[in-house]
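Shown next, in structure tokens, is the structure this report addresses.
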């Protein structure tokens, strides 16, 4: 089992930190796979609201916290620190499972005044990561969405999404769903290093093809674009996604907030030692001489000449492969709230 990170970085919120005694540490121990732990989440809410002006959705659902996929670049790693865990190996191996996700989602949709705004699955961590095979939380939430005719959007790197194709097709028939597959490269070796436990690029493209053939509005995301590492793959990814039936495309430039940065830097030096300096120079070129930017609007696409070049290339090939059309608007008018706990529907 591969891990994206080999680190247990300091949690910036914790007063006390455990430091390994390297003098007595078995040198091999640090390279052994760590067992994945699944822990229950007892929170009584499931839908998060976001007000960021550069994120295209307001509401999102994350049935799992942490992600077994192990992508070293994942911008969500630092969110594990809110749980008293770390952004490195803990994020990949200590997964929080929201077993009551469907019940909580149904309760949320039953709130008075809810206007059926679209809800995005995987606003933070992947809703189709391997844990979904066992717990089926994403599927259960999609069943709730179909029951209530609630519009949803799904973003994933995992071809496991095809397991729920019939649900997605039923939602699509009513104009209630978009699905985006994230494809960062077509090179299976690079993908395996970048994203150790995701589906292969070929499997993701097959997922796009299958979903599109079932009349499910499907798009592709190149996320993240890592300057000097996979930015040269943009054209090939968009060509393949367009040929598979994708109808829209977007990208996000690599982000390295807080404790994501040391995890990514360690991974880069370990896996691409000959390219590391070039990649870091180009990252800084797109971030005003720094390695990250939190400025609204700019943080997703970067700034400067190199970032502008990436944007131009992306727009050119998206247009060439008919990926600049966008997906049809989701239909909010059909929404019907779930019955209350007594089993009675509301009259008004």
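No value in this document is a laboratory result; all are computed from the given coordinates. Fair warning: this is a prediction, and the values are worked out from it, not measured in the lab. Cβ: placed from backbone, ideal geometry, glycine included. Neighbour counts: every protein chain shown.
Once the Cα atoms are used to define both axes, helix 234-244 deviates from the longest principal axis of the chain by about 30 degrees.
With contacts defined as alpha carbon pairs under 8 Å and 6 or more residues apart, what's the relative contact order of the range 38-320 in percent?
The normalised contact order for the range 38-320 reaches 17 percent.
Between (i) 61, 54, 43; (ii) 68, 50, 34; (iii) 74, 48, 35, which entry matches Cα extents along the principal axes in Å as derived from the coordinates of this structure? Here Cα extents along the principal axes in Å agrees with entry (ii). Counting neighbouring beta carbons within 10 Å and listing from fewest to most, the residues 259, 122 come out as 259, 122. Contact order for the range 68-178, expressed relative to its length and based on alpha carbon pairs under 8 Å spaced 6+ residues apart, stands at 25 percent.
Quick one: work out the % antiparallel among DSSP beta bridges in the range 38-320, nearest 5.
Around 20 percent antiparallel, to the nearest 5.
Order 316-328, 157-169 from most to least packed using the mean count of other Cβ atoms within 10 Å. Mind showing how you got there, number by number?
Working: 316-328: 15.8, 157-169: 19.9.
Highest to lowest by the protection proxy: 157-169, 316-328.
Compared with the dominant Cα axis of the chain, that is its longest principal axis, helix 305-320 is turned about 40°. Multiplying each eigenvalue of the alpha-carbon gyration tensor of the range 146-258 by 5 and taking the square root yields semi-axes of 26, 14, 13 Å, largest first, rounded to whole angstroms.
Between 0 and 90 degrees, the angle of helix 201-213 with respect to the longest Cα principal axis of the chain falls at about 20 degrees. Within the listed set 208, 46, 313, the residue fluctuating most in the Gaussian network model of the chain (springs between alpha-carbon atoms under 10 angstrom) is 313.
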